[in-house]
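A.B. asks: One structure coming up, written as structure tokens, with questions to follow.
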Amino acid sequence: MARGSKREKAGRGGGAKSGPGPWTREKEEIFFAELAMVCSVAAALRKAALVRESNRVYERRRRDPEFRARWEEAVAESYAMLELEMLERARYGDDRPPPQTAAEARQREIPTKLAMQLLRQHDRTRIRPASFQRPLRGHKLRDELEKRLAEINRRLGGAG
């Protein structure tokens with residue numbers, strides 16, 4: 001019984017120097033600031049001293065809409081900053097003034113090859129507007145047209 005209580009305390013970060021601790025507002029702010037800076041969940045968890053939360057953070061993202069929205073915003077910000085960094089590298093090369101912020105300094109630490117891989121991967125995972133999706137063909141096209149025509153018919157007073 002005593003062993004279980006020790007384990008329970010350890011799971012809450014009770015004594016481990018770099019333990020996860022609870023998700024306090026302060027740690028959450030640190031997590032999202034770091035995620036927005038480098039788009040690395042592992043780095044964000046480390047910075048917020050929440051390393052042991054790595055499995056639970058994805059569960060929280062799935063179940064908590066507000067947390068998920070902040071996550072998506074941080075990731076979008078990070079990729080936007082990375083795109084700007086890569087454009088600046090392409091335009092000016094190494095002939096640039098020193099970074100003005102911690103975020104700029106962190107972005108410059110990312111090797112160009114890795115940055116390009118990340119941006120390519122991110123581009124593949126973005127949701128495309130309907131106009132960029134593959135055109136429907138065959139049965140799928142017919143089914144979609146029938147569904148839309150039935151909806152129009154229903155709106156005009158028909159049976160649908």
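The values are calculated or read from the model by the stated rules, or taken from the named source; none is laboratory data. What you see is a predicted model; the values in this text were computed from it and never measured. Positions of Cβ are backbone-derived with ideal geometry, glycine not excepted, and every protein chain shown enters the neighbour counts.
A.B. asks: Looking only at the stretch 59-108, count every residue that is surrounded by 11 or more Cβ atoms within 10 Å (Cβ to Cβ) and not small (G, A, S) and tell me the total.
C.D. replies: The qualifying residues number 26.
A.B. asks: Looking at (1) among the small types (G, A, S); (2) in contact with a Cys (Cβ under 8 Å, 6 or more places away or on another chain); (3) over 17 Å from R106 (Cβ atoms), find the lone condition where S78 falls short.
C.D. replies: Unmet condition: (3).
A.B. asks: Restricting to the stretch 136-160, and then to whatever is surrounded by 10 or more Cβ atoms within 10 Å (Cβ to Cβ) and within 34 Å of the chain's Cα centre (by Cα), can you tell me which residue is modelled with the lowest pLDDT?
C.D. replies: Selected residue: L136.
A.B. asks: Can you give me the ranges of the helices (runs of 4 or more DSSP H) entirely in the stretch 1-85 with at least 3 residues that are modelled with pLDDT under 90 and more than 17 Å from H122 (Cβ to Cβ)? Quick ask: steps written out before the conclusion?
C.D. replies: Numbers: elements: 2-11, 25-38, 41-47, 54-63.
In the stretch 1-85, 2-11 are the helices (runs of 4 or more DSSP H) which contain 3 or more residues that are modelled with pLDDT under 90 and more than 17 Å from H122 (Cβ to Cβ).
A.B. asks: Report yes if L50 is closer than 16 Å to R108 by Cβ and assigned by TED's automatic domain parsing to the domain that holds Q117, otherwise no. First the steps, then the outcome.
C.D. replies: Values: closer than 16 Å to R108 by Cβ: no; assigned by TED's automatic domain parsing to the domain that holds Q117: yes.
No: the conditions fail for L50.
A.B. asks: For Q133, are the conditions met, namely being out of contact with any helix residue (DSSP H, G or I) (no Cβ under 6 Å at 6 or more places or on another chain), closer than 30 Å to V75 by Cβ and at pLDDT 70 or above?
C.D. replies: Working: out of contact with any helix residue (DSSP H, G or I) (no Cβ under 6 Å at 6 or more places or on another chain): yes; closer than 30 Å to V75 by Cβ: yes; at pLDDT 70 or above: no.
The answer is no for Q133.
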